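Asks: Would you mind keeping the following structure in view while I ask a few things?
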Amino acid sequence: MGLVIEEEKAHLRLVEGDLPPTPPETVVDGEDPKEMLAFPLPPPTKVPAAVLEVDKKTPDAHVPRDPRLIRLTGVHPFNVEATLSDLFNEGFLTSPELFYVRNHGAVPVVRDEDIPNWEFSVEGWVYPIRILLNEVLICYVDWLRILSSLLSRSSSKSMSR
């Protein structure tokens, strides 16, 4: 038995010494590979600044949009996709302006100062509760962390089936 183990060790030593050398790093167009990024960066974001003419007569007259998006269901509601050429030009990562949109109604007008006063209600076959968003953010931060952790675990389990 000891002889077999010695033969295996000798064979492994031969295999380790017989490996080909590691190939040199690839240099692209004379660039230093150390300066190249290991992962692609997202494309630069160009946030639309103006409301499109076609949107000015709709309930979404306050929402600036990217003119490269193709409308699928008419002017309103806003259901769009980007052209394949625009997506290919963006690369592997898509900028937020070119994400597809599926919508069933108008985009609400929201002022930042109103958001903390938004009220949530839970009703139905449960003990009803009403709570302001500001209360949730102040009083239930730890609870939200636990809840989001639990929800992400349960959804990932159901998605893996």
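The values are calculated or read from the model by the stated rules, or taken from the named source; none is laboratory data. From a predicted model like this one, the values you see are computed outputs, not experimental measurements. When we count neighbours, we look across all protein chains shown, and the Cβ atoms used for this are built from the backbone with ideal geometry, even at glycine.
Residue by residue, here is whether (1) in contact (Cβ under 8 Å) with a residue 24 or more places away in the chain; (2) among the aromatic types (F, W, Y); (3) surrounded by fewer than 10 Cβ atoms within 10 Å (Cβ to Cβ); (4) closer than 30 Å to L41 by Cα holds:
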site	(1), (2), (3), (4)
D66	yes, no, no, yes
L87	no, no, no, yes
E113	no, no, yes, no
W125	no, yes, yes, no
R130	no, no, no, no
Y140	no, yes, no, no
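Asks: Determine, yes or no, whether V80 is at pLDDT 90 or above and of a type in the set (V, I, T).
Replies: Spelling it out, V80 is indeed at pLDDT 90 or above and of a type in the set (V, I, T).
Asks: Restricting to segment 68-85, name every residue that is surrounded by 14 or more Cβ atoms within 10 Å (Cβ to Cβ) and within 15 Å of N103 (Cβ to Cβ).
Replies: The initial filter retains those residues of segment 68-85 that are surrounded by 14 or more Cβ atoms within 10 Å (Cβ to Cβ), namely 68-69, 71, 76-82.
Across segment 68-85, the qualifying residues are L69, R71, H76, P77, F78, N79, V80, E81.
Asks: Also: Only one of (1) part of a strand (DSSP E or B); (2) at pLDDT below 90 is not met by R130, so which one is it?
Replies: So R130 meets the others, but not (2).
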